[in-house]
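A quick write-up on the structure given underneath.
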Amino acid sequence: MHYKFLFLFLPVVLFQPLCAQVKVSDNGRFLVANDGKPFFWLGDTNWELFHRLTREEVLLFLDKRKEQGFNVIQAVALAEMDGLRTPNRYGDWPLNNENPAQLLTTPGNDPKNDYQYDYWDHVDFVIDEAAKRGLYIGLLPTWGDKVAHLWGEGPIVFNEQNAETYARTLAGRYASRWNILWIIGGDRPTVYKSSREGSEKQYDDRPVWRAMAKGIGEALGKAAFISYHPSGGESNSTSYHLHNESWLDMNAFQTGHGARETKVWEWVARDLALTPPKPTLDMEPCYEDHPVNPWDGKWTRKGRGYFDAYDVRARMYRGVFAGACGTTYGHHQIWQFLNTELYAPVNVGDTLIGWQKALDSEGAGQMQHLKNLMLSRPYFSRVPDQGLIRSDAGSTYVDYITATRDAEGSYALIYLPQNRPVTIALEKLSGARKKVWWFDPRTGRATPGKEQKGKKPVTLAPPEGGKDWVLVIDDASRNFNAPGIL
């Protein structure tokens, strides 16, 4: 399809919007569904989903991610990989003359009719199929290269005026969908220096992003849930430049793919120390099968290697136990939906897996165990507490142990990145008898340990085998299910 008539959506919403069924908890630390139940954000970065997959491939992908327990599919309307000038799999472009104020649409939406089925009909299809499976779409209106004077294909097309119009139009189009969580930003900082235009200049793109958030709010009201996807690096986290924005419901940061040593627990603690309180999470931790820091030309398989399932678990469990309201998984060959027959691979080192094979990667199947573990215990009363650990808690990526517990002491969860004994302060937990479990983050199975009594510190050792474990200690009188059983 090469030619489309232009039809503009009216920015006025003529019906009551449903908006996303997720909001911030009363204590400002977690997310909650509208029915009052905890919502643990388990995302997956699928940035090129709308741009690079057919309808049939979309169904294959969503079915698998539903099976694997994910609940937020993070995808970009105006995609990163030349999304304005390279059409989607049906030959369609998103904008008229690269103008964000004009969506390129046609009457009808019959997928068997090339003329009718336009770019936005395909986006509709993905969102609706996700809803059928109970999945949210973490919808990025645009990738950040369409705003920021930094790296990327671009082109830069947004300003304050058309950003507001575009966002209002997009939000109006999806006002009746319950499964949209809005994520602006698209892997770019808000405040930065750049020499892209010649001499180095200081840029502040917050007015454009504010305009985009305003447009969403104009269409949906205050019920719209909005966050921001920043680029990697601690100082680019939303808590540095956006925390006090009234539209920002949840802080986010990106520990990224440059090093294994990132201390995610410190980033979470930093965000949770701010006022007013807002939930926070790592919106882009290290991707499974991503080369570690491939950008400087010094990468080798034997040297830095790839992030594997253990690296992913070690980062995610420690971020969540430090107080994050969830986390986001990613596979390096899935975010780009790597298909070498159609697209050049991006930073893959020396390995081609392909997105369909990567669907069954080890880490992807393990992420649901973290979600299930957190939801199997009292949720909104959870607090981080390193004081639970009486032995050496470690200090680096290799050995740092992270602990969390119920504020009333009914349970404790301790993530051990190495298979080593740990000494626990039982006096911080309630109950005369303590039930002990060893939760396997690889399988989601829990093995009972020896019951403990009293309030004196106790040293416990993980089962043989397995590099990392979660120690779970419950007040036996509470009769909780086995860890991970909902």
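Relative contact order, percent, of region 435-486 when contacts are C-alpha pairs under 8 Å separated by at least 6 residues?
48 percent.
Explain nothing, just the number: dipole magnitude of region 145-268 about its Cα centre with +1 on each Lys and Arg Cβ and -1 on each Asp and Glu Cβ, in debye rounded to the nearest 20.
With only Lys, Arg, Asp and Glu charged at Cβ, the dipole is about 300 debye.
If Lys and Arg each add +1 and Asp and Glu each add -1, what is the summed charge of the other residues whose beta carbon sits under 10 Å from the beta carbon of G108?
Counting the neighbours of G108, the net charge comes to -3.
Is there a quick way to get the dipole size of the chain? I mean about its Cα centre, with the Cβ of Lys and Arg at +1 and of Asp and Glu at -1; what is the value in debye to the nearest 20?
Charge dipole of the chain: 1740 debye, to the nearest 20.
Which one is right for this structure if Kirkwood radius over Cα pairs in Å is calculated from it: (1) 23.3; (2) 24.2; (3) 26.3?
Only one listed value fits the structure, namely (1).
If we count every other residue with Cβ under 11 angstrom of T165's Cβ, Lys/Arg +1 and Asp/Glu -1, where does the sum land?
-1
Taking neighbour counts of Cβ atoms within 10 Å as a proxy for exposure, in what order, fewest first, do W178, W355 appear?
W178, W355
5 Å is the cut-off here: which amide hydrogens, built 1.01 Å from N in the peptide plane, fall below it relative to I183, excluding neighbours closer than 5 in sequence?
Here the answer is L139, L140, S227, since their amide H atoms fall under 5 Å of that of I183.
Could you point to the residue in G258, F439, P421 farthest towards the positive end of the chain's charge dipole, with +1 and -1 charges on the Cβ of Lys/Arg and Asp/Glu respectively?
Most positive-ward Cα: P421.
How large is ³J(HN,Hα), in whole Hz, for each residue of region 308-321 in order, when computed from phi with the Karplus curve 6.51 cos²θ - 1.76 cosθ + 1.60 and θ = phi - 60°, using x for Gly and Pro?
Coupling constants for region 308-321: 10, 4, 4, 4, 5, 4, 4, 6, 6, 4, 6, x, 5, 5 Hz.
Please rank L416, L242, fewest neighbouring Cβ atoms within 10 Å first, as an exposure proxy.
L242, L416
Find out how many positive minus negative residues lie around D308, taking Lys and Arg as positive, Asp and Glu as negative, among other residues whose Cβ is under 13 Å from that of D308.
Combined, the nearby Lys, Arg, Asp and Glu give +2.
How do 141-147, 340-346 rank on mean C-beta neighbours within 10 Å, highest first?
For the peptides 141-147, 340-346, the packing ranking is 141-147, 340-346.
Nearest 10 degrees, 0 to 90: what angle lies between the long axis of helix 362-375 and the longest principal axis of the chain (Cα atoms)?
Once rounded, the angle reads 70 degrees.
How large is Rg/Rh for region 382-478, to two decimals, with Cα atoms and a Kirkwood Rh?
Radius of gyration relative to Kirkwood radius: 0.93.
Run the numbers on region 382-478 and let me know its relative contact order in percent, using alpha-carbon pairs under 8 Å that are six or more apart.
For region 382-478, the relative contact order is 32 percent.
Just want the ordering: D350, D399, from fewest to most Cβ atoms lying within 10 Å of their own Cβ.
In order of increasing Cβ crowding within 10 Å: D350, D399.
Based on alpha-carbon atoms only, what is the radius of gyration of region 215-295 relative to the globular estimate 2.2 N^0.38 Å?
1.21
Ranked highest first by the average count of other Cβ atoms within 10 Å around their residues, in what order do 315-324, 74-83 fall?
Peptide ranking by packing, descending: 315-324, 74-83.
Greater than 30 Å separation of Cα atoms is the criterion. Which listed pairs, K278/K357; K263/K302; K146/K302; K64/K214, meet it?
The pairs that break the limit, which is 30 Å between Cα atoms, are K278/K357; K146/K302; K64/K214.
Relative contact order of the chain: what whole-number percent is it, with Cα pairs under 8 angstrom and at least 6 residues apart?
The value is 13 percent.
Dipole size in debye (nearest 20) for region 413-486 around its Cα centre, Lys and Arg Cβ +1, Asp and Glu Cβ -1?
Charge dipole, region 413-486, about its Cα centre: 200 debye, nearest 20.
Readers should treat all values here as calculations from the given coordinates under stated rules, not as data from a laboratory. If you're wondering where the values come from, they're calculated on a predicted model, not measured in any experiment. Every residue, glycine among them, receives a Cβ derived from its backbone with ideal geometry; neighbour counts consider all protein chains shown.
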